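Enquirer: Starting off with a structure, shown below.
The values are calculated or read from the model by the stated rules, or taken from the named source; none is laboratory data. Remember, predicted model here, so these are calculated numbers, not experimental data. Positions of Cβ are generated from backbone atoms using ideal geometry, with glycine treated the same way; all protein chains shown enter the neighbour counts.
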Amino acid sequence: MTVLYPSKFPIFHYPNTVGPYIGAVIFELFLYGIYFVLFFSYIAILLHRRRVRWIQILSAFTMFGITSADVVYTLDLLFKKLLVKGLEYEELRPKYIMYVVNSVIADILLLYKFYLIWNSNKWMLVGPGFLLAVATGCGFAFEGTSAVLSQFSWINISMTVILNVVVTSLMGGSILF
């Protein structure tokens, strides 16, 4: 077990004092509050349209549920682990899994919109689908698996950014031309 806090020596880029962890939780709660308002605004707008796309509503509720579970798990870690007996790296794994799953759902929704904009051309999904598969594999392989492998989590983030930039550019190009 890799102990993050309390630790005699800081592990990679993790602090060995409790302050930064509490600050991170407060910031996460702040962002969740913004997301909470935006989510219900988005649902209200979607439900008042003439044509309701159920895939958007279903994915929005799924992502909101995962995010809510992440916040609850974070608070559980804070009050039952971090402030009581300390925090081990392995206890963060569910947070990383929720992050990767939420990212995959968002990217699948982006690919769905991409598919619709490109007149349901399945061949246009091959490249972005491959990038999504690689990014997802890297996410589950590197994000939160161990303190050593988490150093390579930049690969998942890079692949996700590349996927989003490529797909968004192709969608914009299709709309403009």
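Enquirer: Look at region 4-28 and say how many of its residues are modelled with pLDDT of 90 or more, in contact with a helix residue (DSSP H, G or I) (Cβ under 8 Å, 6 or more places away or on another chain) and loosely packed, with under 14 Cβ neighbours inside 10 Å.
Expert: Total meeting the criteria: 1.
Enquirer: Sort out for me the helices (runs of 4 or more DSSP H) sitting completely within region 5-117 that have 3 or more residues that are of a type in the set (A, V, I, L, M) and closer than 24 Å to residue 132 by Cβ.
Expert: Values: elements: 19-47, 54-76, 93-117.
Counting at least 3 such residues, we get 54-76, 93-117.
Enquirer: Something else about it: State all residues of region 106-127 that are under 14 Å from the mean Cα position of the chain (by Cα) and surrounded by fewer than 16 Cβ atoms within 10 Å (Cβ to Cβ); if no residue qualifies, say none.
Expert: Scanning region 106-127 gives 106, 108.
Enquirer: May I pose another question? Could you tell me how many of the residues in region 97-124 are within 19 Å of residue 59 (Cα to Cα) and not hydrophobic (A, V, I, L, M, F, W, C)? Before the answer, list the steps.
Expert: Step one: filter region 97-124 for residues within 19 Å of residue 59 (Cα to Cα), giving 97-117.
Still in the running and not hydrophobic (A, V, I, L, M, F, W, C): 99, 102-103, 107, 112-113, 115.
Looking only at that region, the number is 7.
Enquirer: Within region 87-94, can one find any residue that is among the charged types (D, E, K, R), surrounded by 16 or more Cβ atoms within 10 Å (Cβ to Cβ) and at pLDDT 90 or above?
Expert: Checked region 87-94: no residue is among the charged types (D, E, K, R), surrounded by 16 or more Cβ atoms within 10 Å (Cβ to Cβ) and at pLDDT 90 or above.
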